[in-house]
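Peer 1: First, the structure itself, so that you have it in front of you.
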Amino acid sequence: MRNEIHHRPLDGQVALVTGAGRRIGREIALTLGRAGATVVVNYNLSGNGARAVVREIQAQGAEAIALRADVSSSAQVRRMFTAVEKKFGRLDVLVNNAGIFFPARWNQLTEEQWDRVLSVNLKGPFFCAQEAARIMKRRKRGNIINISSLGGLQAWPDYMHYCSSKAGLIMLTRCLAKALAPDIRVNTIAPGTIMMPGEKRTRLLDRVIRSTPLRKAGRPEDIANMVLYLACHGEFITGQVLAVDGGKSIP
């Protein structure tokens with residue numbers, strides 16, 4: 001069951017969630033909307049999904065808009081944040097959620113695949129954070145939350161391009177946390193295995209779950225609720241990696 005929010009701790013605040021038209025990004029956007037935030041739903045290819053998220057947030061009584069931008073393009077990122085500042089005059093929360101994930105063996109991984117994954121998963125969050133920080137610094141407050149992965153903490157040989165991008169995002173989080181302090185807090189959430197509604201369990205997934213101390217997969221709400229905690233609380237937390245993985249990262 002989705003956790004209900006009985007008060008609106010983010011009333012008056014503006015949040016931008018990248019890759020928010022589907023999957024975990026969708027749940028994050030909906031959760032922030034239920035908490036009262038005005039939500040900018042970023043998307044690249046999932047336009048229908050993004051517009052559906054906007055309608056659902058509006059039905060909850062919060063404001064939302066959908067903005068298209070490929071986060072791997074610094075020019076598109078710049079235009080998106082310019083539009084956000086022009087319309088709302090502020091930005092309080094950035095969630096860098098957009099990402100690409102697919103397997104490729106080391107001897108079959110192409111330069112194009114490598115560049116695309118690093119561009120979306122690492123370059124994109126940097127330029128989004130850069131633009132967000134410029135807006136946040138004017139109010140001397142802000143919160144940047146990067147969605148990394150258990151793959152940024154562990155070595156997955158068939159996903160080395162993905163693991164490299166997410167490990168880089170963890171270090172980027174730490175660097176930004178120092179560079180943007182004390183006005184802006186920067187943290188990263190590292191999800192473990194997350195099952196989407198309606199997703200079927202496979203033999204591989206069963207093996208992963210059996211090797212997880214809590215013996216279960218996570219839900220999109222688990223990640224969204226951690227984002228909400230960092231957005232509303234965590235005033236003494238910055239530069240940290242918060243693993244939401246059922247204990248899978250325990251050595």
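The values are calculated or read from the model by the stated rules, or taken from the named source; none is laboratory data. Fair warning: this is a prediction, and the values are worked out from it, not measured in the lab. Every residue, glycine among them, receives a Cβ derived from its backbone with ideal geometry; neighbour counts consider all protein chains shown.
Peer 1: Does F101 meet the test of being surrounded by fewer than 21 Cβ atoms within 10 Å (Cβ to Cβ), under 15 Å from the mean Cα position of the chain (by Cα) and closer than 14 Å to C163 by Cβ?
Peer 2: When the stated conditions are applied, F101 passes them.
Peer 1: How about region 15-131: which helices (runs of 4 or more DSSP H) wholly inside it have at least 3 residues that are in contact (Cβ under 8 Å) with a residue 24 or more places away in the chain and among the basic types (K, R)? It would help to see each step written out before you state the result.
Peer 2: Numbers: elements: 23-34, 47-59, 74-88, 111-118.
Passing ranges, in order: 23-34.
Peer 1: Can you pull out the residues in region 136-182 that are more than 15 Å from the chain's Cα centre (by Cα), assigned to a helix (DSSP H, G or I) and polar (S, T, N, Q)?
Peer 2: Of everything in region 136-182, just one residue is more than 15 Å from the chain's Cα centre (by Cα), assigned to a helix (DSSP H, G or I) and polar (S, T, N, Q), namely S164.
Peer 1: Kindly list the number of the only condition in (1) touching a helix residue (DSSP H, G or I) at 6+ places or on another chain (Cβ under 6 Å); (2) buried (at least 20 other Cβ atoms within 10 Å of the Cβ) that fails for G239.
Peer 2: Answer for G239: the failing condition is (2).
Peer 1: Then there's this: Taking the conditions exactly as written (within 21 Å of I184 (Cα to Cα), at pLDDT 95 or above, of a type in the set (A, V, I, L, M) and buried (at least 17 other Cβ atoms within 10 Å of the Cβ)), does L94 satisfy them or not?
Peer 2: Here the answer is yes, as L94 does meet what is asked.
Peer 1: Does R68 satisfy the condition of being of a type in the set (K, R), at pLDDT 95 or above, closer than 28 Å to A177 by Cβ and touching a helix residue (DSSP H, G or I) at 6+ places or on another chain (Cβ under 8 Å)?
Peer 2: no
Peer 1: Let me ask something else about it. Scan region 230-241 and report the pairs whose first residue is within 9 Å of R174 (Cβ to Cβ) and whose second residue is among the hydroxyl-bearing types (S, T, Y) and outside any loop (DSSP other than H, G, I, E, B), with Cβ atoms within less than 6 Å and a gap of 6+ or a chain change.
Peer 2: What qualifies is V241/T188.
Peer 1: Please work out if G12 is of a type outside the set (A, V, I, L, M), buried (at least 18 other Cβ atoms within 10 Å of the Cβ) and at pLDDT 95 or above.
Peer 2: No.
Peer 1: Something else: How many residues does region 189-225 contain that are closer than 14 Å to V93 by Cα and surrounded by fewer than 22 Cβ atoms within 10 Å (Cβ to Cβ)?
Peer 2: Qualifying residue count for the region: 0.
Peer 1: Consider region 42-65. How many of its residues are touching a helix residue (DSSP H, G or I) at 6+ places or on another chain (Cβ under 6 Å) and closer than 14 Å to N96 by Cα?
Peer 2: The qualifying residues number 1.
Peer 1: Return yes when V186 is of a type outside the set (K, R), surrounded by 23 or more Cβ atoms within 10 Å (Cβ to Cβ), within 22 Å of A69 (Cβ to Cβ) and in contact with a strand residue (DSSP E or B) (Cβ under 8 Å, 6 or more places away or on another chain) and no when it is not.
Peer 2: Details: of a type outside the set (K, R): yes; surrounded by 23 or more Cβ atoms within 10 Å (Cβ to Cβ): yes; within 22 Å of A69 (Cβ to Cβ): yes; in contact with a strand residue (DSSP E or B) (Cβ under 8 Å, 6 or more places away or on another chain): yes.
Answer is yes for this residue.
Peer 1: Output the residues belonging to region 174-219 that are over 13 Å from A129 (Cβ atoms), of a type in the set (V, I, T) and out of contact with any Ser or Thr (no Cβ under 6 Å at 6 or more places or on another chain).
Peer 2: The answer is I189, T193, I194, T202, I209, T212.
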